[in-house]
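Written out below as structure tokens is the structure these notes cover.
The values are calculated or read from the model by the stated rules, or taken from the named source; none is laboratory data. Given the structure is predicted, the values throughout are model-derived calculations rather than measurements. Every residue, glycine as well, gets a Cβ built from its backbone with ideal geometry; the counts of neighbours run over all protein chains shown. The protein model used for the area step is the full one, side chains on, heavy atoms only, and it has no ligands, DNA or RNA in it. Shrake-Rupley method; radii C 1.70, N 1.55, O 1.52, S 1.80 Å.
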Amino acid sequence: MEDLIRQLLGQLGEDPGREGLVRTPQRVAKALKFLTGGYAADIDEVLNNALFTVDYNEMVIVKDIDFYSLCEHHLLPFFGKCHVAYIPRRKVIGLSKIPRLVDVFARRLQIQERLTNQIAETVREKIDPLGVAVVCEGTHLCMSMRGVEKQNSFAVTSAMLGAFHDNARTRMEFLELIRGRAAYSMGNTPGLACVGD
Ligand SMILES: [Zn+2]
């Protein structure tokens with residue numbers, strides 16, 4: 001990978017041999033491996049012993065989880081906040097594991113819609129809750145830095161499963177709980193990951 005990055009620097013018109021760039025290929029390779037470390041992660045290992053059986057069926061919500069990801073179209077960052085809620089049927093996930101789960105899927109080449117869905121589907125798969133809701137709010141540098149639709153570089157995506165999909169009151173309760181942070185409002189938020197070439 002380092003040779004490729006060195007070549008790329010040359011093709012961009014740089015001198016890969018100049019002092020500031022000599023070690024850049026190693027740094028970039030290391031950074032990219034970290035930023036895509038989610039591919040190698042094992043979900044069950046991440047959730048290791050943190051699934052508990054409980055007699056509790058009120059909404060569990062974890063708000064304002066920071067995420068950092070890379071847009072798969074441009075390899076530029078998109079980042080923001082993620083809010084995850086679920087209503088347990090029998091099992092819960094240790095609260096500290098939810099941000100870890102978000103990281104596993106964020107540290108891949110992504111589009112925000114898929115990131116949102118993967119988090120929700122994984123919670124559903126692992127604990128079979130009565131419902132799962134995930135809202136992600138992201139700023140996309142591939143849009144803002146390239147000057148594409150500057151005003152729309154902020155995107156909100158959501159995945160509503162089970163009770164959050166079927167029951168408007170449950171969904172509204174969740175959206176109410178994340179409001180103030182989220183610019184989210186129903187019916188006003190088409191998924192909008194990066195657009196343009
Ligand atoms: Zn992009």
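Restricting region 147-180 to residues that are among the polar types (S, T, N, Q), in a helix (DSSP H, G or I) and open to solvent by 40 Å² or more (accessible area, probe 1.4 Å) leaves a set whose member that is nearest to the ligand (Cβ to nearest atom) is Asn152.
Pull up region 57-82, narrow it to residues that are of a type in the set (Asp, Glu) and either away from the ligand (no atom under 16 Å from the Cβ) or modelled with pLDDT under 95 (or both), then point me to the one that is farthest from Thr157 (Cα to Cα). That would be Glu58. Scanning region 52-80 for residues that are exposed (fewer than 15 other Cβ atoms within 10 Å of the Cβ) and either among the hydrophobic types (A, V, I, L, M, F, W, C) or more than 25 Å from Leu141 (Cα to Cα) (or both) returns Phe52, Thr53, Val54, Asp55, Tyr56, Asn57, Glu58, Leu75.
Taken over region 25-45, the criterion of being farther than 19 Å from Leu109 by Cβ and in contact with a helix residue (DSSP H, G or I) (Cβ under 7 Å, 6 or more places away or on another chain) is satisfied by Pro25, Gln26. Only one of these is within 16 Å of the ligand (Cβ to nearest atom) and open to solvent by less than 10 Å² (accessible area, probe 1.4 Å): Ala133, Ala106, Ala120, Ala85. Name it. Matching residue, one of Ala133, Ala106, Ala120, Ala85: Ala106.
The set of residues in region 136-146 being within 16 Å of the ligand (Cβ to nearest atom) and buried (at least 20 other Cβ atoms within 10 Å of the Cβ) consists of Cys136, Gly138, His140, Cys142, Met143. Contact map, region 60-75: residues that are within 24 Å of Ser96 (Cβ to Cβ) and among the charged types (D, E, K, R) paired with residues that are open to solvent by less than 10 Å² (accessible area, probe 1.4 Å) and more than 9 Å from the ligand (Cβ to nearest atom), Cβ distance under 6 Å, separation 6+ or inter-chain. Pairs shown: Lys63/His83; Lys63/Ile178.
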